Amino acid sequence: MAVHRGVVESCDVFFYNVGLKLGVDNIHEQAETMGLTKVTGIDLPGEKAGLVPSTAWKQKTYGEKWYEGETVSVAIGQGAVWLTPCSSCR
C-alpha cells in the first residue's frame, strides 16, 4: 500500500508496519525534531510538554525494556503517546 492510500483510508495496518520498520527511537527522534514534545508557547493554562516514548524513556520511567509490540501503538498515536498536535505550532 502506498503512503497516500494509507492516509486516505486511515489504514492502521499500514502505519503499524511503518512504525515497526522505523522503530520507536526513530519515531521519538522525529517527534522531537518537529517540536511535538515541547510546550507550544501559546497561553494555554496547564499546558504540559508532549511525550513520544523511546526505549530510554521506558527504561528510566519503569525500569523495563521496550517491546516491539509497543511500537505498533505508538505508530498510530496511542500507547504512551501523550500530546495534542497544534496546526499553528512550530
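The values are calculated or read from the model by the stated rules, or taken from the named source; none is laboratory data. This structure is a prediction, so every number in the text was calculated from the model and none was measured. Every residue, glycine among them, receives a Cβ derived from its backbone with ideal geometry; neighbour counts consider all protein chains shown.
Within the range 19-35, can one find any residue that is assigned to a loop (DSSP other than H, G, I, E, B), among the polar types (S, T, N, Q) and either surrounded by fewer than 16 Cβ atoms within 10 Å (Cβ to Cβ) or over 15 Å from the mean Cα position of the chain (by Cα) (or both)?
no
Which of the residues that make up the range 61-74 are touching a Ser or Thr at 6+ places or on another chain (Cβ under 9 Å) and surrounded by fewer than 12 Cβ atoms within 10 Å (Cβ to Cβ)?
LYS65 - this is the single residue of the range 61-74 that is touching a Ser or Thr at 6+ places or on another chain (Cβ under 9 Å) and surrounded by fewer than 12 Cβ atoms within 10 Å (Cβ to Cβ).
Suppose we filter the range 36-57 for residues that are of a type outside the set (Phe, Trp, Tyr), over 24 Å from VAL13 (Cβ atoms) and assigned to a helix (DSSP H, G or I); how many remain?
The total comes to 1.
Can you tell me which residue within the range 53-90, out of those that are small (Gly, Ala, Ser) and within 16 Å of GLU29 (Cα to Cα), is modelled with the lowest pLDDT? Talk me through it step by step, then tell me what you get.
Our first condition is that a residue be small (Gly, Ala, Ser); within the range 53-90, this holds for 54, 56, 63, 69, 73, 75, 77, 79-80, 87-88.
Add one more test, that the residue is within 16 Å of GLU29 (Cα to Cα), and what stays is 54, 56, 75, 77, 80.
Working: SER54: 98, ALA56: 98, ALA75: 95, GLY77: 91, ALA80: 94.
Out of the qualifying residues, it is GLY77.
Can you tell me how many residues in the range 1-18 are assigned to a helix (DSSP H, G or I) and either at pLDDT below 90 or surrounded by 13 or more Cβ atoms within 10 Å (Cβ to Cβ) (or both)?
Going through the range 1-18 one residue at a time, the tally reaches 7.
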